[in-house]
Structure formats: C-alpha cells, structure tokens
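Below is one structure, written out as structure tokens, with a few remarks after it.
The values are calculated or read from the model by the stated rules, or taken from the named source; none is laboratory data. A quick note: this is a predicted structure, and the numbers were derived from the prediction, not measured. With ideal geometry, Cβ positions are generated from the backbone for all residues, glycine too; neighbour counts draw on all protein chains shown.
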C-alpha cells in the first residue's frame, strides 16, 4: 500500500512559536506513520518539521529549491534536489495527500493557493491568511487549527473520508 504523505509548508524564517509548532507537527506525522514532506531547507519551518519527524522515528522527504544536496536540512531522510526554485512548490503540493501550512510568506502562500486550486486539503496551523484569500484560491477544503495535535486529528479524519490512513 502506498504511504500517506503529509506536506508541511512554512517560512524559511520562523519565530520560536512557529518553529515549535512545526517541530510538533513533524512528530505527530511520524507518530501516525505518515511520511513528512517539506521544502528541505536547513532553516525555519522546514528544518523544525524535519527534526521533529526524525526525533519521533519517522520518514522525511525534502524537495529542494536548489540543485545541491548540501543545501538540505541534516534531519531529512530523502533529499530531492530540483534546481527549480519556487517552481518546486507544485511538486510539494501535488505530492502531498494533505498540506499543513505554518506561518510563512510568499512561498507558503503560493503553496496554499496551489493546494486549494488542485483540491488538496489544507490545514492552517496557527496561520490565518484570511478568508478572502483562501476562497479566491480554489475549491479545496481548508481548516484553521491551533495545535499540532488538532492538525493530526483533522488529517486523520480527512484521510478516513478519502479512504486512506
């Protein structure tokens, strides 16, 4: 059976609260037996979620902006250098069964927009870009949550509805 992939998107710079939430999200993904996918950088949400996943014994994948493996977080199990720049965001989104968006800027917003456009469920973890933006992006479902535990519960429910686990 194909493994479930949960994409964790967020800024390359993250304040302590956002980094802590991303770390906990990585742990939750690992504890549920899902695969964690992120943008792979050694900073911000990407590094924190990869570290959380690794610390909990999970499998993590980084889809890199750059073409160099050395540009990746040391906490990743699989590193996919793309040299595609921000175009790699579409790979992140379409490879994910569910997208979790932590606080971020333009890149994160583009991933949210792509996910909703292609009807991937989006869990907004302590991040509210605004209902006007979200509704303009596309028909995909989105949910605001305040904790990684709540995000994991929502993901489990969504996967059950999708006939996945």
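Summary table
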read-out: Verdict on residue 51 being assigned to a helix (DSSP H, G or I), within 19 Å of residue 27 (Cβ to Cβ) and out of contact with any strand residue (DSSP E or B) (no Cβ under 8 Å at 6 or more places or on another chain); value: yes
read-out: When residues of the stretch 122-141 are limited to those that are touching a strand residue (DSSP E or B) at 6+ places or on another chain (Cβ under 8 Å) and not in a loop (DSSP other than H, G, I, E, B), the one nearest to residue 22 (Cα to Cα); value: 125
read-out: Unmet criterion (only one of (1) within 13 Å of the chain's Cα centre (by Cα); (2) under 15 Å from residue 89 (Cα atoms)) for residue 65; value: (1)
read-out: Verdict on residue 119 being out of contact with any helix residue (DSSP H, G or I) (no Cβ under 8 Å at 6 or more places or on another chain) and either in a helix (DSSP H, G or I) or on the phi > 0 side of the Ramachandran plot (or both); value: yes
read-out: Residue pairs meeting the criteria (Cβ under 9 Å; at least 6 apart or on separate chains; first over 15 Å from residue 78 (Cβ atoms), in the stretch 52-63; second part of a loop (DSSP other than H, G, I, E, B)); value: 52/58; 52/75; 55/75
read-out: Inter-residue pairs, beta-carbon under 7 Å, first on the phi > 0 side of the Ramachandran plot and at pLDDT below 95 and in the stretch 131-146, second assigned to a helix (DSSP H, G or I) and crowded, with 16+ Cβ neighbours inside 10 Å, 6+ apart; value: 138/116
read-out: Positions within the stretch 9-52 being under 18 Å from residue 95 (Cβ atoms) and surrounded by fewer than 24 Cβ atoms within 10 Å (Cβ to Cβ), in sequence order; value: 30, 32, 33, 35, 41
read-out: Filter pass, residue 101 being surrounded by 19 or more Cβ atoms within 10 Å (Cβ to Cβ) and within 20 Å of residue 21 (Cβ to Cβ); value: yes
read-out: Counted residues, the stretch 90-116 - those being farther than 14 Å from residue 138 by Cβ, touching a residue at least 40 places away in the same chain (Cβ under 8 Å) and either out of contact with any strand residue (DSSP E or B) (no Cβ under 9 Å at 6 or more places or on another chain) or in a helix (DSSP H, G or I) (or both); value: 5
